[in-house]
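The structure under discussion appears below in the form of structure tokens.
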Amino acid sequence: MTAFPADRTVIVTGAASPRGIGRATAELLAGQGWHIGIVDLDEGACKELAEDLSTKHGVQAYGAAADVSDELLVRAAIDQIEGNLPQVVALANIAGVSSSDPYLELTSAEWHRVIDINLNGVHYVTRRVAESMVQNQVGRIVSLSSVSAQRGGGTFSKTPYSVAKAGVIGLTRSLARELGPYGVTVNAISPGPIDTDIMGGTLSEERKVQLAEDLLVDRVGSTTDIATAISFLIGEDASFITGQTLNVDGGLYLH
């Protein structure tokens, strides 16, 4: 098992949204001493977040804009990050979009939009980062799936979202087999209802109560709940955990 370098970088996709899981993850990991590579659509927001993280936490951070559904842009963005930060040891695939269209009203364009971002995007980012991790013989990859993938929807987002997130679980298991011999672990996290704008906008207190009725705990999840799980799975001590899907869902899958 190759030890982590003293200076290590984690790439976080979808980190620029102010209320998103990506932002919370970048903040938490920067506070733990990780250098942060940011990939998001908005170049200005990427650069602003990188500067903020550097100032607040004393780490190095670099933002590179890219649409994760465009493989060439993804590869260029990660090239930039690797050229400006220490060794990339971890990847958190968080960028994603929701989709609430009922199946019988679903257009081809909407189907491809959701699959391209939520599944193909995870593949494009992972493919590029895995090249470097394999060369260095160490790495941690964590991707966001969803309880929707396991329950066939039943949350805000519907069919194409569930299909894409189920694909993330399949990709995770397959890559765990292929990359394990190179010291790279690959896991997924399956969130339940989290208080972010991807749930169709800021959740009202009434909607939070309604969502919590389907849970085994008395609240919807926070972005920090997911960020904490990511922090655990990318840690140096998590080297014996791979190919797994960790449900962080307040018990929704069991309900």
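Read-outs: derived from the displayed coordinates by stated rules, not from any lab. No experiment lies behind these values; they were computed from the predicted model shown. Backbone-built Cβ (ideal geometry, glycine too); neighbour counts: all protein chains shown.
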Quick note, the range 1-54: a/c under 1.5 would make it rounded; otherwise a/b > b/c is prolate and the rest oblate (a ≥ b ≥ c, C-alpha gyration tensor); here it is prolate
Given the DSSP H assignment, sum -39500 (n - 2.57) over each helix run of at least 4 residues in the chain and divide by its residue total; what's the result at 222 nm in deg cm²/dmol, nearest 500? -13500 deg cm²/dmol
Considering every pair of different Cα atoms, what Kirkwood radius, in Å, is found for the range 9-249? 17.8
Please report Rg (one decimal) and Dmax (integer) in Å for the Cα set of the range 54-192. 16.0, 51
Scan around Val97 for amide H atoms under 5 Å from its own, H built in the peptide plane at 1.01 Å from N, and keep only partners 5 or more places away or cross-chain. Asn118
Hey, with R₀ at 25 Å, roughly what FRET efficiency would Arg151 and Ser174 work out to, going by the Cβ-Cβ distance, to 0.05? 0.70
